[in-house]
Amino acid sequence: MSQDTPPLLHTRSLFHFAFNVTDLDAARRFYGEVLGCAEGRSTDTWVDFDFFSHQISLHLGEPLKTARTGRVGDILVPMPHFGLVLLLPEWKALAARLEAAGVDFVLPPQARFEGQPGEQWTMFFCDPFGNPIEVKGFASIEQVYAS
């Protein structure tokens, strides 16, 4: 990286992730109503959502196979998975929203690494199609890569 290249956290870019679901109406209910993501463009075979300022595209098809091989503390979580990082107030609001909706958590909302660099809150759940999602919360965005 050259001296002229800005640090990663100061660069604004959007992440795009396209993956398969088996039912677009169920996807609209989960991503739109439960998670609160705004719907974007769509056809009869896919739909886009604003996933917390990032673009996800849900296409009709067979979801990725996952296996619980990722160790998070004493819990094995599904791999591969995707997710996002939120500031703690937004993370807490989303956790409350998911709990109120009766989402079944793989890893319920909890704090990790308390008092250590990278202190964070995390929760892990799957969409109705088995696509695993992890959401992390940090008091400060500068702590995301702390070691």
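The values are calculated or read from the model by the stated rules, or taken from the named source; none is laboratory data. Just so we're clear, the structure is a prediction, and the values are computed from it rather than from any experiment. Glycine also receives a Cβ, built like all others from the backbone with ideal geometry; neighbour counts cover every protein chain displayed.
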Notebook entry, point to check: Do we have Asp4 as at pLDDT 95 or above and either more than 13 Å from the chain's Cα centre (by Cα) or hydroxyl-bearing (Ser, Thr, Tyr) (or both) here?
Noted result: no
Notebook entry, point to check: Limited to the stretch 64-101, what total is found for residues that are more than 18 Å from Cys37 (Cβ to Cβ) and part of a loop (DSSP other than H, G, I, E, B)?
Noted result: 6
Next item on the list: State all residues of the stretch 109-127 that are of a type in the set (Gly, Ala, Ser) and either without any contact (Cβ under 8 Å) to a residue 12 or more places away in the chain or part of a strand (DSSP E or B) (or both); if no residue qualifies, say none.
Entry: Ala111, Gly115
Checklist line | Verdict on Leu58 being modelled with pLDDT of 95 or more and either surrounded by 16 or more Cβ atoms within 10 Å (Cβ to Cβ) or part of a strand (DSSP E or B) (or both) | finding: yes
Notebook entry, point to check: Is it the case that the stretch 101-108 has a residue that's surrounded by 13 or more Cβ atoms within 10 Å (Cβ to Cβ), within 16 Å of the chain's Cα centre (by Cα) and in contact (Cβ under 8 Å) with a residue 40 or more places away in the chain?
Noted result: yes
Notebook entry, point to check: Assuming Gly70 fulfils every condition listed in (1) at pLDDT 95 or above; (2) in contact with a strand residue (DSSP E or B) (Cβ under 8 Å, 6 or more places away or on another chain) apart from one, which condition is it?
Noted result: (1)
Check: Pairs, please: C-beta under 6 Å, at least 6 apart or cross-chain, first residue more than 15 Å from Phe17 (Cβ to Cβ) and in the stretch 60-72, second modelled with pLDDT of 95 or more and among the hydroxyl-bearing types (Ser, Thr, Tyr)?
Finding: Leu60/Thr45
Check: In this structure, is Phe138 modelled with pLDDT of 95 or more, closer than 24 Å to Thr69 by Cα and of a type in the set (Phe, Trp, Tyr)?
Finding: no
Checklist line | Only one of Arg28, Arg41 that is surrounded by 14 or more Cβ atoms within 10 Å (Cβ to Cβ), free of Cβ contacts under 8 Å to residues at least 40 places away in the same chain and not in a loop (DSSP other than H, G, I, E, B) | finding: Arg28
Item checked: Tally of residues being in a loop (DSSP other than H, G, I, E, B) and loosely packed, with under 13 Cβ neighbours inside 10 Å across the stretch 128-147 -> 3
